[in-house]
1. Provide a single number: the residues in region 191-211 that are buried (at least 18 other Cβ atoms within 10 Å of the Cβ) and more than 23 Å from ILE143 (Cβ to Cβ).
2. Within region 190-235, can you find the residues that are farther than 28 Å from THR147 by Cβ and touching a His at 6+ places or on another chain (Cβ under 7 Å)?
3. Restricted to region 481-501, and to residues that are more than 15 Å from PHE592 (Cβ to Cβ) and without any contact (Cβ under 8 Å) to a residue 60 or more places away in the chain, which residue is most open to solvent (accessible area, probe 1.4 Å)?
4. Of (1) open to solvent by less than 10 Å² (accessible area, probe 1.4 Å); (2) of a type in the set (Ser, Thr, Tyr); (3) in contact (Cβ under 8 Å) with a residue 40 or more places away in the chain, SER169 satisfies all except one. Which?
5. For region 301-313, enumerate the residues that are closer than 18 Å to LEU235 by Cα and either polar (S, T, N, Q) or surrounded by 21 or more Cβ atoms within 10 Å (Cβ to Cβ) (or both).
6. In region 753-778, what residues are basic (Lys, Arg), under 18 Å from the mean Cα position of the chain (by Cα) and open to solvent by 10 Å² or more (accessible area, probe 1.4 Å)?
7. From the list ARG214, ARG291, exactly one residue is surrounded by 13 or more Cβ atoms within 10 Å (Cβ to Cβ), more than 28 Å from PHE129 (Cα to Cα) and out of contact with any strand residue (DSSP E or B) (no Cβ under 7 Å at 6 or more places or on another chain). Which is it?
8. Check off (1) open to solvent by 10 Å² or more (accessible area, probe 1.4 Å); (2) closer than 28 Å to ILE300 by Cβ for HIS223 and give me the number that stays unchecked.
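The values are calculated or read from the model by the stated rules, or taken from the named source; none is laboratory data. Quick caveat: nothing in here was measured; it's all calculated off a predicted structure. Ideal geometry is used to build each Cβ from the backbone, glycine not excepted, and the neighbour counts take in all protein chains shown. Ligands, DNA and RNA are stripped out before the accessible areas are found, and what is left, the full protein with its side chains, is counted by its heavy atoms. Shrake-Rupley method; radii C 1.70, N 1.55, O 1.52, S 1.80 Å.
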Amino acid sequence: MSVTMAEPAERSSTAGQRLGAPESLGVSTLEPGLRPPGQPPGRQVPMRVQLLDDTQEVFEIPPRSPGKVLFDLVCDHLNLTEGDYFGLEYTNHHKMPVSEPRNLGASCLFLPPTHLHCSLCFSFSRYLFALQIKHDLACGHLICNDTSAALMVSHIIQSEIGDFDETQSWHHLLHNKYLPDQDAIRDKITECHRKHVGQTPAVSDYHLLEIARRLEMYGIRLHPAKDREGTKLSLAAAHTGVLVFQGYTKINSFNWSKIRKLSFKRKRFLIKLRAEPNAHHDTLEFAMASRDCCKVFWKICVEYHAFFRLFEEPKPKPKAILFTRGSSFRFSGRTQKQIFDYMKDSEPKKVPFERFDLITCRIHIGSIPPHHCPLSSPVSHPVPFLPPLESPGSEESPAESPHHVVVNGNGSGGGTGTDSDIIQSQSPEGQQLSPLTSPLLTDAGCVRNDEDEEARRKFPTDKAYFIAKELLTTERTFIKDLQVITESFDSFVGKDEAFPDAIKTLIFSSYDPVYKFHQGFLKEVEQRLAQWSGRSNAHIKGDYQRIGDILLKNIQGLRHLTIHLQKHSECLVELERASRSSRKVEALCRDFEQQRVCYLPFNMFLLRPLHRLLHYKLILERLCKHYPPTHDDFRDCRASLADISEMVLQLQGTMMKMENFQKLLELKKDLTGIDNLTIPGREFIRLGCLSKLSAKGLQQRMFFLFSDSLVYTSRGMTPSNQFKVHGQLPLYGLTIRESEEEWGVPHSFTLYGQRQSVVVAASCASEMERWLEDIRMAIDLAEQSITPFQWFSELSEDGGVELESEDELGSSRSSLERQGHRGNTTVHVCWHRNTSVSMVDFSVAVENQLSGNLLRKFKNSNGWQKLWVVFTNFSLFFYKSHQDDYPLASLPLLGYSVTVPSESENIHKDYVFKLHFKSHVYYFRSESEYTFERWMEVIRSATCSSSRLLPSTRKDLY
């Protein structure tokens with residue numbers, strides 16, 4: 001990065017202006033509502049700033065101006081609202097980056113400690129971090145192994161040129177330098193790039209940053225130093241404290257809470273620690289190259305500590321009247337908490353960012369952050385806030401675990417070792433469908449000659465048609481889900497006087513207008529698709545072959561329903577409050593969930609209208625990516641995308657809070673021994689199976705990670721088959737140590753709490769890494785929490801009920817028949833598949849929902865059976881047609897792998913994908929290349945954790 005002097009006449013146009021963007025009107029680090037001060041008349045000094053996208057901008061400032069004046073102009077020019085994370089710097093003669101008002105370049109001063117897409121609110125801010133990762137890789141600043149480097153570069157190339165093409169990709173690598181030693185791993189890069197087919201630039205940026213933030217050197221600036229013995233080391237500042245490196249390996253860290261004072265004396269840097277028993281030294285001393293180097297690093301530490309640990313900007317130190325001692329340097333600007341509070345309370349208008357790739361004519365946004373970051377101009381129209389996630393596929397299967405068939409309704413549960421994972425519902429006549437006779441589970445009586453059917457089908461070949469058809473099929477499912485609330489639930493509780501009238505009125509007045517609106521919308525879409533696909537219109541290139549006009553009209557109409565959408569969170573809260581205060585209301589809601597039409601937990605249906613906005617946005621993204629700008633439908637789709645993006649941004653905060661609250665309510669039904677699970681401020685992070693080491697050996701336990709504690713349970717023998725809490729570990733003060741060698745147990749680690757320690761083991765290395773990552777993140781969040789949570793009371797491990805034998809497990813499952821408990825919840829599936837899911841996975845699942853007709857075939861059958869399939873909540877739900885009110889069977893996908901059939905399987909058909917887990921194999925066939933890719937994409941999001949990478953690469957990222 002650099003800033004140079006320039007003549008005013010040489011001033012270049014901005015990147016945004018070159019793409020037709022309006023003049024920038026954003027606000028940066030100033031107080032809310034204020035603008036940078038007007039420049040006084042007189043002589044102005046032009047400063048040329050080089051940005052990370054290799055463009056240059058010229059800003060004129062008065063002579064002797066402080067750096068903040070230039071920085072505010074840059075942020076204002078770029079509409080960079082979250083400018084507090086960024087700054088201007090220059091490299092001095094010691095080759096050290098420092099913040100001073102001359103020769104300044106843009107950089108990121110602070111690295112958000114949590115999941116970055118949650119920390120930063122604006123897509124443009126996240127995009128800047130992706131540019132910085134690219135820059136750091138090219139300069140050799142981001143140290144990592146070849147596998148991680150190849151994977152990151154492959155995502156960069158996917159973002160820049162699109163899907164893999166051997167000639168184009170090879171040519172692109174020859175003429176672009178992404179790594180200092182790029183030629184040595186060129187084959188690895190192209191192999192990774194092959195696997196990103198269909199991945200948008202936004203998703204590519206997301207994965208690039210997710211991989212980068214797992215690297216040990218992510219966001220680290222090393223400052224050379226020596227210890228007392230003269231050993232060469234490096235110091236670095238981070239959000240957690242001061243880190244010590246030897247080479248590129250972290251050997252020590254000092255948390256801010258443990259540090260009493262930081263100071264420097266000449267070229268000695270001093271860290272004074274709080275007094276602790278058994279501590280050898282309370283003051284650590286490091287020698288640096290010079291006094292200037294010491295002072296620079298000390299200033300960086302002061303800024304990091306203030307930004308991440310303080311609640312508000314520190315007050316300036318008063319000037320001494322006669323003599324001064326020490327530095328008067330203080331952090332200036334908003335702290336991270338002030339930024340969050342400002343974003344939460346004022347909800348400023350978010351300046352949308354849209355990246356338009358002229359090579360591939362596709363629109364996307366940036367993703368998430370690391371260390372430095374130059375700046376680039378946004379363009380005009382709003383586009384999606386969070387990209388959909390797509391992780392590289394994994395062939396890794398979970399460890400062997402018992403199989404089971406459970407009942408979605410009032411039927412009986414099967415034992416272990418059955419031949420089917422498909423969970424059946426009752427038939428309309430009330431009889432349980434047999435796994436041996438059901439047309440859903442065998443091909444008997446339902447063999448279809450799909451060749452004849454194909455001969456009758458005539459579809460347009462345009463990809464836009466299949467994107468529009470996805471809109472149609474998912475809208476049909478959405479209407480059915482709204483009917484569960486407005487018709488089925490209304491009819492069920494309306495007969496009972498115990499259900500409060502106020503809540504009935506609130507729910508139905510909030511959802512009925514939405515339901516009626518979407519009924520009309522669905523009719524218009526059905527009519528247009530019928531015209532588009534009709535034989536008489538197949539050759540016409542006119543008005544029938546477009547969907548943007550219908551979307552634009554109805555999305556503008558949907559904006560008028562925002563007042564009803566905002567009340568949906570109130571419906572969820574009030575329904576829970578009524579259930580908590582009245583056992584009759586609770587029983588009514590529980591009984592309704594046992595109805596066949598309620599195939600998901602009821603409160604998930606209450607979130608559907610908000611989630612549907614995300615689906616519209618993703619569909620419009622695909623249309624805008626597909627259409628060239630000259631297409632007749634492009635302008636309407638672009639305008640629709642702008643409108644729906646604004647609605648999503650407006651409701652984003654409400655949506656995230658509701659999703660977390662809904663997840664806590666769902667877990668509350670599966671847990672016993674916790675009365676206050678939904679306390680304010682608590683967030684769900686991960687659930688899944690781990691083995692706990694006790695006197696009896698390794699025993700399977702279900703763990704639940706929240707933002708304040710880690711709860712461990714066993715599967716109880718209660719009538720409702722809940723998980724009984726054995727104990728919990730508060731996260732505040734919790735430490736972790738990997739302990740495979742100590743205990744001789746693979747994939748094990750020890751959790752050290754304030755009162756107890758627990759040794760646990762994961763089923764595989766990737767599961768252990770996911771748990772360790774999320775637990776460490778949660779510990780950091782707990783230590784930064786302003787108000788400590790109210791901890792659970794300690795529970796004795798010995799006081800819990802142990803379930804170890806198959807007989808006990810079998811008797812536990814038999815209670816399903818007595819109570820009609822819904823046994824296919826995510827918690828129970830994770831228990832039997834010995835896997836885990838996180839809140840990030842649930843958020844991904846919200847966006848990755850799909851409906852449509854598929855042909856289904858079993859491993860040893862010949863015919864293909866046509867089914868209406870709905871994918872949601874990590875499961876496939878099977879219907880005979882889209883008009884059915886309830887599914888006949890379901891297939892939970894956690895733990896499954898999705899691939900394409902091999903030659904040896906003799907599936908000589910196009911667009912076929914394969915689902916398999918252990919001995920269970922299913923083949924599904926879609927109607928087009930587009931639908932095939934979409935089914936593969938969404939199913940992969942359920943069968944592979946969103947944070948998972950390729951098995952051969954993930955372990956190398958730590």
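1. Of the residues in region 191-211, 6 are buried (at least 18 other Cβ atoms within 10 Å of the Cβ) and more than 23 Å from ILE143 (Cβ to Cβ).
2. Correct list: LEU235 only.
3. Here the answer is GLU497.
4. Failed condition: (3).
5. If the condition is that a residue be closer than 18 Å to LEU235 by Cα and either polar (S, T, N, Q) or surrounded by 21 or more Cβ atoms within 10 Å (Cβ to Cβ) (or both), then CYS301, TYR304 are the ones that fit.
6. ARG776
7. Residue meeting the stated conditions: ARG291.
8. Result: HIS223 passes all but (1).
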